[in-house]
Amino acid sequence: MDHGEHIASLEAKVEAHDELFRLTHHELTRLHEGLEKLREHSDRGLAELRDHTDRGLAELRADNNRALAELRDHTDRGFAELRQSIEELRREQAKMNRWLIGITLTYGTAILGMMARMAGPF
């Protein structure tokens, strides 16, 4: 192989390497573009997911707040009814105590009167 053939062979190898470099560069460019599109798509998807999650959490908070308000109202009504029932029971108990005292005094006086009559000169 003489010097000219050797140079021609090297030039052919350089051209082959240049072509391989261009193809590799082209593939790398395509890969970078694809990666960028994938990032954009992922960012969009994550943003949509974040928005969907935020909306879901807001709805859940609103539902929980409504449920808590209903529970609070129900509990307040229940306690009001309970206080009213307790007050009615206290009034009834006071009335029963008055009746019991009245009956006790009446029968006690009657029994004492009968015992005094039996015991003495009345």
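The numbers here are math on the coordinates, done by the rules we state, and not lab data. What you are looking at is a predicted structure, and each value in this text was computed from that prediction instead of being measured. Because the Cβ atoms are built from the backbone with ideal geometry, glycine has one as well, and the counts that use them run over all protein chains shown.
Take the Kirkwood radius over Cα pairs of the chain, plug it into Stokes-Einstein at 20 °C and 1.002 mPa s, and you get 83 µm²/s for translational diffusion.
Residues of the stretch 42-69 with the amide nitrogen closer than 17 Å to a label point 7 Å from the Cα of residue 79, along Cα-to-Cβ, please. 68-69, by backbone N distance to the label point. Across the options 52, 12, 114, the greatest Cα extent toward the positive end of the charge dipole of the chain (unit charges at beta carbon of Lys, Arg, Asp, Glu) belongs to 114. Fully extending the segment from residue 72 to residue 24 would add 10.3 nm, taking 0.36 nm per residue of separation and subtracting the current Cα-Cα distance.
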